Amino acid sequence: MNYAIILSGGTGSRLTGLDVPKQYYQVDGRSILSYCIGTVSALERVDRYVIVAAMQWRDTISGEMALLARTCPSVTDKFHGFADPGENRQESILHGLNVLKQIAKEEDLVLIQDAARPLTSGELIENCFAAAGRADADGAMPVLPMKDTVYYSVDGSRIDALLEREKILAGQAPEAFVYGPYLRACERLSREELLAVSGSSEPAVKAGMRIALVPGDEQNIKITTAEDLKAFARMAGADCCI
């Protein structure tokens, strides 16, 4: 079985000028989150999914899901429930993993997706699941090569080293993992370690899990800044009032 956790618990503090967290901002009559839900739930490979969201937004999300379900019944049919946001992204993931304990088995796969990536393609998700399910892997993540020359600086005031650009990769979401090993990798972290995690694959790598790399997608932008939001609105053929 394959599961997905959609992370929608953030406050979007880096994107100012909105009266709602960015994932609930409406673009062409739909929240950014709803684009993500629509893509994930429509995939045959995804059996069930969980949404991590604060209590005050759950009625809003449920209302949007009901509208989406008119044309895509899997939106509600595959929904397994909500999970509470954590203090950081990784704790939110752990909360989602714990909700899946009711149904997930050791060898199942779980996809971790950000609500702020509305342009993630079904093909990219399929590729992540396929790579994570290989016999020689315990997970998978999409990556992009670095286009610019990459330098290392100890204090940010001068260059200390030139890094090998060919060996430096930019990671994207979504990422997919074998459920059992990934759950344990997260549970083994101390509270301090959990709150220091900056990427979904970090606990997996620390635990010795084998993470396969799949080609990322330049269009799979994460909406972090106002410019990102404007770019997505243009791609959706809509106006952006920010």
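Can you tell me which residues in the range 82-93 are closer than 15 Å to residue 203 by Cα and surrounded by fewer than 19 Cβ atoms within 10 Å (Cβ to Cβ)? Before the answer, list the steps.
Going through the range 82-93, the residues closer than 15 Å to residue 203 by Cα turn out to be 88-93.
Within the range 82-93, 88 is the sole residue that qualifies.
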It is to be established whether one or more residues within the range 133-156 are in a loop (DSSP other than H, G, I, E, B) and closer than 30 Å to residue 28 by Cα.
no
Does residue 42 fit the bill of being small (Gly, Ala, Ser), open to solvent by 40 Å² or more (accessible area, probe 1.4 Å) and under 26 Å from residue 216 (Cα atoms)?
yes
Selection from the range 70-92 of residues that are touching a Phe, Trp or Tyr at 6+ places or on another chain (Cβ under 9 Å) and either of a type in the set (Phe, Trp, Tyr) or under 16 Å from residue 175 (Cα atoms) (or both)
79
Out of the residues in the range 99-132 that are in contact with a Cys (Cβ under 8 Å, 6 or more places away or on another chain) and of a type in the set (D, E, K, R), state the one that is farthest from residue 27 (Cα to Cα).
114
Out of all the residues in the range 203-231, which are without any contact (Cβ under 8 Å) to a residue 24 or more places away in the chain, under 23 Å from residue 138 (Cβ atoms) and either assigned to a helix (DSSP H, G or I) or of a type in the set (A, V, I, L, M, F, W, C) (or both)?
205, 206
Consider the range 82-139. How many of its residues are of a type in the set (S, T, N, Q) and more than 15 Å from the chain's Cα centre (by Cα)?
2
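Residue-by-condition table, conditions (1) at pLDDT 95 or above; (2) open to solvent by 50 Å² or more (accessible area, probe 1.4 Å); (3) among the basic types (Lys, Arg):
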site: 176; (1), (2), (3): yes, no, no
site: 180; (1), (2), (3): yes, no, no
site: 183; (1), (2), (3): yes, no, no
site: 188; (1), (2), (3): yes, yes, yes
site: 202; (1), (2), (3): yes, yes, no
site: 206; (1), (2), (3): yes, yes, yes
site: 220; (1), (2), (3): yes, no, no
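The values are calculated or read from the model by the stated rules, or taken from the named source; none is laboratory data. Just so you know, these numbers come straight off a predicted model, no measurement behind them. In this analysis, Cβ positions are derived from the backbone assuming ideal geometry, glycine residues included, and neighbour counts consider all displayed protein chains. In case anyone asks, the SASA skips ligands and DNA or RNA and just uses the protein heavy atoms, side chains included. Shrake-Rupley method; radii C 1.70, N 1.55, O 1.52, S 1.80 Å.
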